[in-house]
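Chemist: Encoded as C-alpha cells, here's the structure I'll be asking about.
The values are calculated or read from the model by the stated rules, or taken from the named source; none is laboratory data. The model shown is predicted, which means the values in this text are computed figures rather than measured ones. Neighbour counts run over all protein chains shown; Cβ positions are idealised from the backbone, glycine included.
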Amino acid sequence: MMLPLDHIGILGSDITAMANAYRSLGFHVTEPERLNAGAGGDFGRQYSAHVIFENTYIELTAVENCQSEHHLAPYMRLPGGVRILILQSDCAEKEREGIQSTGLSASPLFTAERPLTYGDRTMARFCWFALEPQPLNQLLIGWVEHLTREAVFRSDGPHGNTATDITGLHLSACNFPASLAKSHGVHCFMSEQSSEAQVVNGVELLVEDLSACVDQTAGVLDSEARSVSLADAGGLGVNLIFRQAECHASG
C-alpha cells in the first residue's frame, strides 16, 4: 500500500523536549510556534515545531490547556507518539467530495496558518479537513492543501544526519481504510502485530550518507540492509529507520 503522505504529527507533552530530542540526532528543527489550526474556537494553545524534508515533514506538537473541544483532545490521553497522519491534496474541496463519495464522512474544511522560522520567514497557510468520525481511535487522518507550498518545503540547509525525505511507514495490524491508498507516495508496511496504543510505529527516512547518519544518531547499523535503526527513546515518539539512498532506489 502507498499513501500520498504530506506529514506525520507526533503529539507529546513538552514541545521543547521533543524538539531537542530530534536536534540531538542531527535534524534541523524549527523553533516551536503557536499554530492556529482553524478548527474553531480557542480550546487550547497548540505549539508545533517541524523537521522539513524535500516533500514531507515531521510535525512535533503539544497542546497546553487542552479542552475537550480541541481536535487533538481524543489523543491527549494516549501515550506520546504519531497521532496525526496528513495526506497531500492539490484541492482540499474536491478531495473532500471524493472522500465522501466513497462512503466516508469528513469534517468541514478549515484554514490554518503558522509563522515560518526558516526560509523567507513568511506565514504558511493551509486548507485541511479530517475524517469524521475517525476510523481508528489512535490516529487522526486528514488531508491538506498547501496554499504556500514553496515557502513550506524549504530549509536553512541539509540535516546533519543527511535525511532527505520520509519514504515509508510501518503500521500495526489494524483496519486502516484501504480506500486511501494511491499508486504513488510512501510505502506502508503492515505488521502482523496489533497495538492498542500506536498505529504508526515506525518511520523510514532516506539518507544520502549512512556513515554520517551513524555518527549523528548513534543508531544500530545493519551493513547488509544499508540501514540504521533507532528505537523510540527520549521523546522521539516513534522508531526511526534510516536507509541509504541507493539501497532504497534499488529495492
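Chemist: Scan the stretch 100-123 and give yes if some residue there is aliphatic (A, V, I, L, M), in the same structural domain as Ile8 (by TED's automatic domain parsing), at pLDDT 90 or above and under 21 Å from Leu11 (Cα atoms), otherwise no. So that I can check it myself, show each step before the final result.
Modeler: Start the filter on the stretch 100-123 by keeping residues that are aliphatic (A, V, I, L, M), which leaves 104, 106, 109, 112, 116, 123.
The next check asks that each one be in the same structural domain as Ile8 (by TED's automatic domain parsing); those that pass are 104, 106, 109, 112, 116, 123.
Now narrow it down to the ones that are at pLDDT 90 or above: 104, 106, 109, 112, 116, 123.
Okay, now just the ones that are also under 21 Å from Leu11 (Cα atoms), so 112, 116.
Yes, that holds for at least one residue.
Chemist: Looking at (1) under 20 Å from His170 (Cα atoms); (2) at pLDDT below 95, which is the one condition that is false for Glu64?
Modeler: (1)
Chemist: Thr164 passes all but one of (1) surrounded by fewer than 21 Cβ atoms within 10 Å (Cβ to Cβ); (2) among the polar types (S, T, N, Q); (3) over 30 Å from Leu25 (Cα atoms); which number fails?
Modeler: Among (1) surrounded by fewer than 21 Cβ atoms within 10 Å (Cβ to Cβ); (2) among the polar types (S, T, N, Q); (3) over 30 Å from Leu25 (Cα atoms), the lone unmet condition for Thr164 is (3).
Chemist: Here's another thing I want to ask about it. Restricting the stretch 1-26 to residues that are assigned to a loop (DSSP other than H, G, I, E, B) and not hydroxyl-bearing (Ser, Thr, Tyr), which is surrounded by the fewest Cβ atoms within 10 Å (Cβ to Cβ)?
Modeler: Start the filter on the stretch 1-26 by keeping residues that are assigned to a loop (DSSP other than H, G, I, E, B), which leaves 1, 4, 12-14, 24-26.
Checking the rest, the ones that are also not hydroxyl-bearing (Ser, Thr, Tyr) come to 1, 4, 12, 14, 25-26.
Values: Met1: 15, Pro4: 18, Gly12: 20, Asp14: 13, Leu25: 22, Gly26: 18.
Only one residue fits best here, namely Asp14.
Chemist: Out of all the residues in the stretch 201-210, is one or more buried (at least 17 other Cβ atoms within 10 Å of the Cβ), more than 20 Å from the chain's Cα centre (by Cα) and assigned to a strand (DSSP E or B)?
Modeler: The answer is no; no qualifying residue exists.
Chemist: Taking the stretch 90-133 on its own, how many of its residues are part of a loop (DSSP other than H, G, I, E, B) and either touching a residue at least 24 places away in the same chain (Cβ under 8 Å) or farther than 13 Å from Glu145 by Cβ (or both)? Quick ask: steps written out before the conclusion?
Modeler: Initially, the stretch 90-133 is screened for residues part of a loop (DSSP other than H, G, I, E, B), giving 90-91, 102-105, 107-109, 116-122, 132-133.
Among the residues that remain, those that are also either touching a residue at least 24 places away in the same chain (Cβ under 8 Å) or farther than 13 Å from Glu145 by Cβ (or both) are: 90-91, 102-105, 107-108, 116-122, 132-133.
Qualifying residue count for the region: 17.
Chemist: May I pose another question? Looking at this structure, is Val29 touching a helix residue (DSSP H, G or I) at 6+ places or on another chain (Cβ under 8 Å) and either assigned to a loop (DSSP other than H, G, I, E, B) or at pLDDT 95 or above (or both)?
Modeler: Working: touching a helix residue (DSSP H, G or I) at 6+ places or on another chain (Cβ under 8 Å): yes; either assigned to a loop (DSSP other than H, G, I, E, B) or at pLDDT 95 or above (or both): yes.
Taking the combined requirement at face value, the residue satisfies it.
Chemist: Restricting to the stretch 1-22, name every residue that is within 16 Å of the chain's Cα centre (by Cα) and of a type in the set (D, E, K, R).
Modeler: Matches in the stretch 1-22: Asp6 only.
Chemist: Tell me, which residue of the stretch 222-239 that is within 12 Å of Gly80 (Cα to Cα) and either of a type in the set (S, T, N, Q) or at pLDDT below 95 (or both) is surrounded by the fewest Cβ atoms within 10 Å (Cβ to Cβ)? Give the derivation first.
Modeler: Applying the first criterion (within 12 Å of Gly80 (Cα to Cα)) to the stretch 222-239 yields 232-238.
Right, trim to either of a type in the set (S, T, N, Q) or at pLDDT below 95 (or both) and you get 232-237.
Working: Asp232: 15, Ala233: 9, Gly234: 13, Gly235: 20, Leu236: 22, Gly237: 26.
My answer is Ala233.
Chemist: Check the stretch 133-141 and report whether any residue there is surrounded by 16 or more Cβ atoms within 10 Å (Cβ to Cβ), of a type in the set (Val, Ile, Thr) and touching a Phe, Trp or Tyr at 6+ places or on another chain (Cβ under 8 Å).
Modeler: No, every residue in the stretch 133-141 fails to be surrounded by 16 or more Cβ atoms within 10 Å (Cβ to Cβ), of a type in the set (Val, Ile, Thr) and touching a Phe, Trp or Tyr at 6+ places or on another chain (Cβ under 8 Å).
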